[in-house]
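Trainee: Pasting a structure below so you can have a look.
The values are calculated or read from the model by the stated rules, or taken from the named source; none is laboratory data. All of these numbers come straight from a predicted model, not from anything done at the bench. Cβ placement follows ideal geometry from the backbone for every residue including glycine, while neighbour counts extend to all protein chains displayed. Side chains included, ligands, DNA and RNA excluded: accessible areas come from the protein's heavy atoms. Shrake-Rupley method; radii C 1.70, N 1.55, O 1.52, S 1.80 Å.
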Amino acid sequence: MALSFSITITILLLHVFILSKKKLSFLHQSITFMLIGLLVRNYFTTMNMVLKWLKTTENPFLFIVFLINRELLIPLTVLIFVNLYLSHPHSWAKKLIFFLTAWVFLQGLEWVALHYKVIQHLKWNLGFAGILNGAYLLIGLGIAKLLLFLAKSEDYQDDRNL
């Protein structure tokens, strides 16, 4: 059941991402996706193998759900949030709604993983996971804004040489 749920959510998120308005270029989106994916991968590896605060499942089908969450769903959710956030530069209410929606979605993914025993919290809880999910969103936003700033400064330097 968890595998079908995870695949369905992945397909729906891909449709939302493809159809949404994008502020970032393909290169900026790729860099943001890869950096968030690297961050999430390192987090789960550290929590599972080094600190032993999380335990992943031994079931190979449920482990596929864990991989889909780690490699696709979390970075894609962050990327959708970043694009929506940057597409509405003057509306703080919409930005807050986008942040809360993405945060609740990430918390829901964590809860589903706990419910289907994809992961088990040993020395961890949903509150700490909520703080971490908010950090994912803010770090993704910071990466995107840094990339936009670097692109703008490169354009300025290129124009100055004319």
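Trainee: Name the residue, out of Leu100, Leu138, Leu147, that is closer than 21 Å to Ser20 by Cα, surrounded by fewer than 21 Cβ atoms within 10 Å (Cβ to Cβ) and under 11 Å from the mean Cα position of the chain (by Cα). Working first, answer last.
Mentor: Values: Leu100 fails: under 11 Å from the mean Cα position of the chain (by Cα); Leu147 fails: under 11 Å from the mean Cα position of the chain (by Cα).
Exactly one of Leu100, Leu138, Leu147 is closer than 21 Å to Ser20 by Cα, surrounded by fewer than 21 Cβ atoms within 10 Å (Cβ to Cβ) and under 11 Å from the mean Cα position of the chain (by Cα), namely Leu138.
Trainee: When the residues of the stretch 23-37 are narrowed to those that are among the polar types (S, T, N, Q) and at pLDDT 95 or above, which ends up most open to solvent (accessible area, probe 1.4 Å)?
Mentor: Ser30
Trainee: Could you tell me whether Ala129 is touching a residue at least 24 places away in the same chain (Cβ under 8 Å), open to solvent by less than 30 Å² (accessible area, probe 1.4 Å), in contact with a strand residue (DSSP E or B) (Cβ under 9 Å, 6 or more places away or on another chain) and within 26 Å of Thr8 (Cα to Cα)?
Mentor: Details: touching a residue at least 24 places away in the same chain (Cβ under 8 Å): no; open to solvent by less than 30 Å² (accessible area, probe 1.4 Å): yes; in contact with a strand residue (DSSP E or B) (Cβ under 9 Å, 6 or more places away or on another chain): yes; within 26 Å of Thr8 (Cα to Cα): yes.
Here the answer is no, as Ala129 does not meet what is asked.
Trainee: Quick check on this structure: which one of Leu73, Leu13 is crowded, with 16+ Cβ neighbours inside 10 Å, under 19 Å from Ala135 (Cα atoms) and touching a residue at least 12 places away in the same chain (Cβ under 8 Å)?
Mentor: Just one listed residue meets the conditions, Leu73.
Trainee: When the residues of the stretch 1-10 are filtered to those that are open to solvent by 30 Å² or more (accessible area, probe 1.4 Å) and either in contact with a His (Cβ under 7 Å, 6 or more places away or on another chain) or of a type outside the set (A, V, I, L, M, F, W, C) (or both), which remaining residue is nearest to His88 (Cα to Cα)?
Mentor: Thr8
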